[in-house]
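One structure is given below, encoded as C-alpha cells.
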Amino acid sequence: MPVESIEAQEAETLQGSPVERREDPELLTGEATFTDDMEPQGTVHMSVLRSQYGHARIESIDTSAAEELDEVLAVYTAEDVAESGSPGMVKPIWLLPDLKRPPYPMLAQDKVRYQGQPVAIAVAETRYRAKDAVDAIDVRYDRLEAVTGAREATDEDAPTIHEEAPNNVAAEWDVGDEAATDEAFQDADRTVSVDLVNQRLLPTAMEPRVTLANYRPNANELVVHMGTQCPHLHRRFMADMLDFPEQKMRVIAPEVGGGFGSKDSAHPDETLTAWCSMQLERPVKWQATRTEAYASTGHGRGQETTAEIAVDEDGSIQALRVETYGDLGGYLSTWGPLMPAHGYALMLPGQYDVENVYCEVTEVFTNATPTEPYRGAGRPEASYVIERLATLAARELDMDPTEFRRKNFVPRDDFPHETATGLLYDSGDYEKTLDRALDMADYETLREKQAALREEGRYLGIGISCYNESCGYGPSEIIGQIGGQLGLYENGVVRFHPSGTVTVYCGTSGHGQGHETTYAQIVADELGVDYDDVEVIEGDTDEVPMGMGTYGSRSVSVGGSAIVEASKEVVEKAGDIAAHHLEVSEEDLEFEDGEFQIAGAPERSMSIQEVAQEAYLAHDLPEGTSPGLEATNFYDPENLVFPFGTHIVVVEVDPNTGEIDIDRYIAVDDCGNQINPKIVEGQVHGAIAQGLGQGLYEGVEYDENGTLLTGSMQDYTVPKASHLPEYETDHTVTPSPHNPLGAKGIGEAGTIAAPPAVVNAVTDALQPLGIDHIDMPLTDETVWRAIQDATAQTGGAD
Ligand code: MCN
C-alpha cells in the first residue's frame, strides 16, 4: 500500500517503502511551474533560423527584411557573435585519443552540416513576430552532397564533412585483446555472426528544450531558467561558451517535463538565448517547437555493427569480436564521443564470463543531427549485440536460449568480477532473475504451447533478454583516465533548522524521477526525523553548492550516497553536543530513531531536534564546536554499479500482415536495495515503453540529401499506451557493496532489456521460416517483408 507520510508507514524503515510521490499533486493539478510558464516583465522572444539542408556552403545571409519588421529588436548571425567576443563554441566533454575536434559554432559560420543547425536568430516582442523575422531572413546556400550513414560516410568517395577529419572519421578506438580474441576464434568449434543496426532515435520529452535568460547589466549577473538535467554543468558550459564569470551566473531548473538524456548536453540554442539577453539587456525566452526539437535536439543511438561470437559445442562462449561504426552526426556534441566507445563497448560481455573480447569502434561524422545520450546511452546498444548473439549462438547449437545463457553467466560467487573490457562488476546473481522470470512465464508450458501452435501454422515466439548495465557514474579518477573532462562525484548538504526541520540539497537534478520523495525517505531514516519534516532542494546553482546532475541512473547511488554521508556527519556532530548536554562521553550514547540515549539509562535522552535547537542557540556547546547543525558531503563513488535482470517477451506474429501481438511482457529487475519500490516499478514501466519503442516503432529516417523525413510526430511513431502490453514485474535484491545504500540504478534498465527481448521473441516466432534477424524497428511492414523474402526462398509461410 502506498503511504503518504511516516505516520502511515507500515514498514520499519522508510527506505524500502512505496511512499507516494510528493511531487505528483502539483504536477497533476497544473500548479507546477515550468520554464515556459515564466514571463518576467519585459520578456522578449528568440526564434532560430535553422538550416533546411543537410550539407551546404553558406554564400550569403541577408537579414535586412527581417530587421525592418515591426517589433523586431535584433537579428544576429555568426558575425555578430564573433564581434561580441564570446567564443560561442559547443565543446565535447568526453575526449578519445586523437579525436578530431572541428569547431561547432553556436551559429553556422561558412557551412551547415546538418538539417536543423542554427544559422541566424531573431529577437522580437512576441514569439510569433520572432518567427516571422527568421522567416524573412534570406540565406543563399550552395548545396553539397550529403551522407547520413556512418559506415557509408567512411567510403573513399563520400563527401567530406569537416576538412579536419579525412574520410569523416572522428576517432578510431578499441578495447580488448585483438590477438587473443582472433586466436580464440580460430580454436573455437563454431562461430556465428550478425550485422545489425541500432537505429537513430528521437528523444521525445513531453517538454521540448526551453530557456529563459535574464541578464542584469548593473550587477553583471545572468540568471537562466531552463529545462536541464544538470544545472551546474550547464552553468559551466554557458560560462565557457560566453566567456562569462561562472560565479555571476545562476542556472535554475524549475519543473522539467522529462529529459531522457536530451537535456544534459550543451546545444547552441540555450546559450544563444543567454547571449541575446546580454546583448539586449532584456529577459529573452526561447522554446523549441516539436519540429525544431526533433531536428536540433541530440538524437540517440546510431550504430552499425558486425558482431561475431565463438562458441564450443558444449555451449561455452570462447570469444566476442565486434566492429562498430558510431554515428556522431554533423559535429561533436557534449557527450557524443562517449556513447560508441566507453558507454557501449565496455558492456559487450553482458552477463557472461567471456575471456576474450575485442571491439573496434570507428566514430564518424555524418550530415545528421549530432548524437547525444538517450536513455541507456550505449548500454542498450551493447546489450542488443550480446543478447542477439546469445540467441543466435544457442540456435546454432540447437540449445535452449535460457540454458545457453545459464551456462555462460558470471557465477554468483565470482563477484566482484573483472571483465575482459576492464570493468569490475560489483555484485550479481544472474540465475536468480532468470529463474524468477522463467517461473513467472511458466516457461516449459510456453514452449509446449509454442510447439502445439506451430503444428497449427501459428507463430508464437518467446524472447529472452538477460541484461546488465553500468551506471552510477564516477568514480572521478577513472572518468578522468578514460577521457571525461569532469569529475562524476555528487554533492549533498543536510541542514537542520533551529526548529528541528531539515532541508536537503543535492547536486542531482530530477526531472520526473521522484527525487524529492526518495531523498526525503533516505534522510528521514538516517536522522530519525519525520518524513514530512524533510524538504529536498535540487536544480539551482545558487542553492546547491555543486552538482553533476541526473543522467546515467546515478542519482540514488551517487547523490543518495552523498546525502547519507552528510546525514552521518550531522548525526556525529549532534552526538557530540548531546553528550555534552547529557554529561556523558560520546561512547556511552546510542542513537536510534532520532534519540540520543545513554546506554543502559534510556530515560536520559535528547532528541536530535533538541540538539539542533541547542546547536543554533550556541549558548552551551562543547569546546571547539561551531554553532549550527549541517554538513556538506562530496561523495565520489568507489565503483560503478551494475544492475541486471531478465525480461521475457511472448509474441504472436501474423504471417499474413507481419503484425506483432505482444501476449506477455515479464520483467524481473535487480537494482540492489530499493529505496522506493513504487517509483522503481514506475521507472521500469516507462523505460520498457521506450525500449519497445525502439524495438517496434521508432526510427529516424533521412533521405540522401540529409533531409529529416521523420521530423514530426506524424512521421515518427512514439508508442502510445494502447501500443503497450500489461507488464508483469518482479525484482530480486542483490545489494551493491560499493555504496552505503547498497543501491544500483534503475532509470534506464527497461530501455536496455526490451529491444533484444522483443527482437529475440519475433525471430523466435519466425524460426520455422529460417528468419534469424530483422533490424529494428520491427514494424508490420518490415516483418511482413522479411516473411515474404523468407517464403520466396523456402516456398511458403504455412
Ligand atoms: N530508485 C530506488 N532505488 C534504487 C534505484 C532507484 O528507489 N535502487 C528510484 C528512486 O526513486 C529514484 C528513481 O528510482 O528517484 C531513479 O533513480 P536512478 O536509477 O538513480 O536514476 P536517476 O534518478 O539518476 O534518473 C536518471 C534516469 C535516466 S539516465 C533517464 S534517461 C531517465 C530516467 O532516469 N529519464 C527520465 N527516468 C526518467 N523518468 C522520467 N519521468 N523522466 C525522464 O526524463
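Structure notes:
- Residue list for segment 489-511, restricted to those being buried (at least 23 other Cβ atoms within 10 Å of the Cβ) and either within 12 Å of the ligand (Cβ to nearest atom) or part of a loop (DSSP other than H, G, I, E, B) (or both): Y489, E490, C506, G507, T508, S509, G510, H511
- Among residues of segment 130-145 that are more than 11 Å from A66 (Cβ to Cβ) and in contact (Cβ under 8 Å) with a residue 24 or more places away in the chain, those with a Cβ under 7 angstrom from a residue that is in a strand (DSSP E or B) and not aliphatic (A, V, I, L, M), sequence gap 6+ or separate chain, pair up as R140/E59; R140/S60; Y141/R57; Y141/E59; D142/R57; D142/E59; L144/R57.
- Test: residue in segment 575-590 that is outside any helix (DSSP H, G or I), in contact with a strand residue (DSSP E or B) (Cβ under 6 Å, 6 or more places away or on another chain) and either within 16 Å of the ligand (Cβ to nearest atom) or closer than 30 Å to V223 by Cα (or both): no
- From the list E701, E726, the one residue that fits, being under 19 Å from P373 (Cα atoms), open to solvent by 10 Å² or more (accessible area, probe 1.4 Å) and among the acidic types (D, E), is E701.
- Segment 414-452, residues that are in contact (Cβ under 8 Å) with a residue 40 or more places away in the chain and among the aliphatic types (A, V, I, L, M): A420, L423, L424, L434, A437, L438, M440, A441, L446
- From the options G549, G559, residue that is at pLDDT 95 or above, under 18 Å from P735 (Cβ atoms), touching a Ser or Thr at 6+ places or on another chain (Cβ under 7 Å) and within 11 Å of the ligand (Cβ to nearest atom): G559
- First in segment 667-683 and part of a helix (DSSP H, G or I) and more than 6 Å from the ligand (Cβ to nearest atom), second anywhere and modelled with pLDDT of 95 or more and open to solvent by 20 Å² or more (accessible area, probe 1.4 Å), Cβ under 8 Å, 6 or more apart: P677/G16; P677/P18; P677/H731; K678/P18; K678/E20; K678/R21; E681/T729
- Within segment 337-385, the only residue that satisfies the criterion of being in a helix (DSSP H, G or I), within 16 Å of the ligand (Cβ to nearest atom) and farther than 26 Å from A180 by Cα is P380.
- The residue of segment 734-787 that is farthest from the chain's Cα centre (by Cα), among those that are of a type in the set (V, I, T) and within 16 Å of the ligand (Cβ to nearest atom), is T734.
- Screening A687, A749, A754 for residues that are closer than 19 Å to E659 by Cβ and of a type in the set (A, V, I, L, M, F, W, C) leaves exactly one candidate, A754.
- Filtered residue count, segment 624-676, keeping only those that are under 20 Å from the mean Cα position of the chain (by Cα) and aromatic (F, W, Y): 2
- Criterion violated by A441 - all others in (1) within 30 Å of E304 (Cβ to Cβ); (2) open to solvent by less than 10 Å² (accessible area, probe 1.4 Å) satisfied: (1)
- Sole residue being outside any loop (DSSP other than H, G, I, E, B) and buried (at least 24 other Cβ atoms within 10 Å of the Cβ), chosen from P756, P768: P756
- Looking only at residues of segment 211-240 that are in contact with a Gly (Cβ under 6 Å, 6 or more places away or on another chain) and closer than 21 Å to Y104 by Cβ, we find that the one that is surrounded by the fewest Cβ atoms within 10 Å (Cβ to Cβ) is L233.
- When G695 is tested against (1) more than 16 Å from the ligand (Cβ to nearest atom); (2) surrounded by fewer than 20 Cβ atoms within 10 Å (Cβ to Cβ); (3) assigned to a helix (DSSP H, G or I), exactly one condition is not met: (2).
The values are calculated or read from the model by the stated rules, or taken from the named source; none is laboratory data. Since the structure is predicted, the reported quantities are computational estimates derived from the model, not experimental observations. Cβ: placed from backbone, ideal geometry, glycine included. Neighbour counts: every protein chain shown. Surface accessibility is based on the protein's heavy atoms, side chains included, excluding ligands, DNA and RNA. Shrake-Rupley method; radii C 1.70, N 1.55, O 1.52, S 1.80 Å.
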